[in-house]
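Notes follow the structure.
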Amino acid sequence: MKSYNELEALVLAWAEQKGILEKGTPIAQAGKTMEECTELMVAIAMGDEYETVDALGDILVTIIIQAEMQGVSLTECLESAYNVIAKRTGVMVDGQFVKDAK
């Protein structure tokens, strides 16, 4: 099994070869992420484990490319998000965490 760093490099090389990094736009890439998120929701609703795994992977691919387009690392993004959620309080409602109002 390849490491995350190896896979990220392969994804970025693929995106470069396909012209996505040169000709793509961040907003178009965000649209691809939304498309893949919709596919994830359908796969979960259908109970299709294979398609769920595929959709999660596709979402990661789109996010890796988006981060590259934005000139940030996913580690930086993840740390930024964690620093916010680490202090967050809230409750579980209908299977979803709902954060407390500020």
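FYI, it's all coordinate maths here, none of it is from the lab. Everything numeric in this text was worked out from a predicted model, so none of it was measured. All Cβ positions, even for glycine, are placed from backbone atoms using ideal geometry, and neighbour counts span all protein chains on display.
How many residues does the range 58-80 contain that are part of a helix (DSSP H, G or I), more than 13 Å from the chain's Cα centre (by Cα) and of a type in the set (A, V, I, L, M, F, W, C)?
Of the residues in the range 58-80, 1 are part of a helix (DSSP H, G or I), more than 13 Å from the chain's Cα centre (by Cα) and of a type in the set (A, V, I, L, M, F, W, C).
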**Item:** Any pair with Cβ under 6 angstrom, 6 or more apart, that starts in the range 7-22 at a residue that is in contact (Cβ under 8 Å) with a residue 12 or more places away in the chain and ends at one that is part of a helix (DSSP H, G or I) and among the acidic types (Asp, Glu)
**Value:** LEU12/GLU68
**Prompt:** Which one is nearest to the chain's Cα centre (by Cα) among residues in the range 1-57 that are surrounded by 15 or more Cβ atoms within 10 Å (Cβ to Cβ) and of a type in the set (Gly, Ala, Ser)?
**Reply:** ALA55
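Is one or more of the residues making up the range 87-94 within 21 Å of LYS18 (Cα to Cα) and without any contact (Cβ under 8 Å) to a residue 40 or more places away in the chain? Lay out the reasoning, then the answer.
First pass over the range 87-94, keeping only residues within 21 Å of LYS18 (Cα to Cα): none.
So far as the range 87-94 goes, no, none of its residues is within 21 Å of LYS18 (Cα to Cα) and without any contact (Cβ under 8 Å) to a residue 40 or more places away in the chain.
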**Message:** Would you confirm whether or not the range 22-38 contains a residue that is under 18 Å from LEU10 (Cβ atoms) and basic (Lys, Arg)?
**Reply:** yes
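Yes/no matrix, rows are residues, columns are (1) farther than 20 Å from LEU7 by Cβ; (2) in contact with an Asp or Glu (Cβ under 6 Å, 6 or more places away or on another chain); (3) loosely packed, with under 13 Cβ neighbours inside 10 Å; (4) among the hydroxyl-bearing types (Ser, Thr, Tyr):
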| position | (1), (2), (3), (4) |
| --- | --- |
| ILE63 | no, no, no, no |
| GLN70 | no, no, yes, no |
| CYS77 | no, no, no, no |
| TYR82 | yes, no, yes, yes |
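Identify all residues within the range 61-75 that are within 21 Å of ILE27 (Cβ to Cβ) and without any contact (Cβ under 8 Å) to a residue 12 or more places away in the chain; write none if there are none. Lay out the reasoning, then the answer.
First, pick out the residues of the range 61-75 that are within 21 Å of ILE27 (Cβ to Cβ): 61-74.
Result: ALA67, GLY71, VAL72, SER73.
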